[in-house]
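Below is one structure, written out as C-alpha cells, with a few remarks after it.
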Amino acid sequence: MHHLTTVLDGPADAAGLDVHHVVNVRLGPARIVIPDLVIARPVDPHGRVVDASAVVLVAEVVSAHSAVLDRVLKMHLYAEAGIAWYLVVEPDGDAVSLRLFGLDDGNYGLRATAAPGDPLTLVEPVTVTVESRVLAP
C-alpha cells in the first residue's frame, strides 16, 4: 500500500486533497471502519476519525481473510455512506489487478480495470495513472 500512497500523494495534493493510510473513517453514528487508504478533503490532522463526508475515494487491498469484507460488505457500506469512488487492489501471487468503481444512485458501477501489469488511469477524484506492476508485492 506504500507504493499506492506514494503514487496518489502528489496528484491528490495538486487537487487540494489529502491521502491517508490506514485511518478511522466514520460511516455512520455507530459505524467506523479502517480502510487501507483514503483520499479526502483536508480534515483536522489531530482528529482521530475522518467523517465519510470528507472522503472522496477509498481503497482496499483484498487478502484471503478479507475478500468477502472488501468485495461485498465494505463496498455496500461505502456506497451507503456516499463515498464517490472505491478502488479495489487485488494481489494475485506476484501480480496485482485493479478495479475502480464509481457511485451512481447509491450503488457502485465498475468504471475501469487494470489486469496485472497494466496501468489504470484515474481522472476523478485525481488525475493519475497507477501502474499495477509497481504495486505488486
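The values are calculated or read from the model by the stated rules, or taken from the named source; none is laboratory data. Every value quoted in this text rests on a predicted model; they were computed, and no experiment measured them. For neighbour counting, all protein chains shown are included, and Cβ atoms are generated from backbone atoms with ideal geometry for every residue, glycine included.
Structure above, values below:
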item	result
Filtered residue count, the range 73-101, keeping only those that are surrounded by fewer than 18 Cβ atoms within 10 Å (Cβ to Cβ) and either acidic (Asp, Glu) or more than 27 Å from Arg41 (Cβ to Cβ) (or both)	6
Any pair with Cβ under 6 angstrom, 6 or more apart, that starts in the range 65-83 at a residue that is under 13 Å from Ala52 (Cα atoms) and ends at one that is aromatic (Phe, Trp, Tyr)	Tyr78/Tyr86; Ala79/Tyr108
Count of the range 35-53 residues which are free of Cβ contacts under 8 Å to residues at least 60 places away in the same chain, crowded, with 18+ Cβ neighbours inside 10 Å and not in a loop (DSSP other than H, G, I, E, B)	5
Residue check for Val62: farther than 20 Å from Ser97 by Cα and not basic (Lys, Arg)	no
Filter result for Val56 (of a type in the set (A, V, I, L, M) and under 17 Å from His21 (Cβ atoms))	yes
Hey, Tyr86 in contact with a helix residue (DSSP H, G or I) (Cβ under 6 Å, 6 or more places away or on another chain), within 19 Å of Ala15 (Cα to Cα) and among the aromatic types (Phe, Trp, Tyr) or not	yes
Qualifying residues in the range 54-78 (those that are within 23 Å of Thr127 (Cβ to Cβ) and either small (Gly, Ala, Ser) or assigned to a helix (DSSP H, G or I) (or both)) - the one farthest from the chain's Cα centre (by Cα)	Ala54
Pair list, Cβ < 8 Å and 6+ apart or interchain, from the range 14-34 residues that are within 15 Å of Leu77 (Cβ to Cβ) and crowded, with 18+ Cβ neighbours inside 10 Å to residues that are of a type in the set (Phe, Trp, Tyr) and modelled with pLDDT of 95 or more	Leu27/Tyr78
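The rows are residues; the columns are (1) modelled with pLDDT under 90; (2) of a type outside the set (Gly, Ala, Ser); (3) loosely packed, with under 12 Cβ neighbours inside 10 Å; (4) closer than 17 Å to Asp18 by Cα.
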position	(1), (2), (3), (4)
Val68	yes, yes, yes, no
Val123	no, yes, yes, yes
Thr127	no, yes, yes, yes
Val134	yes, yes, no, no
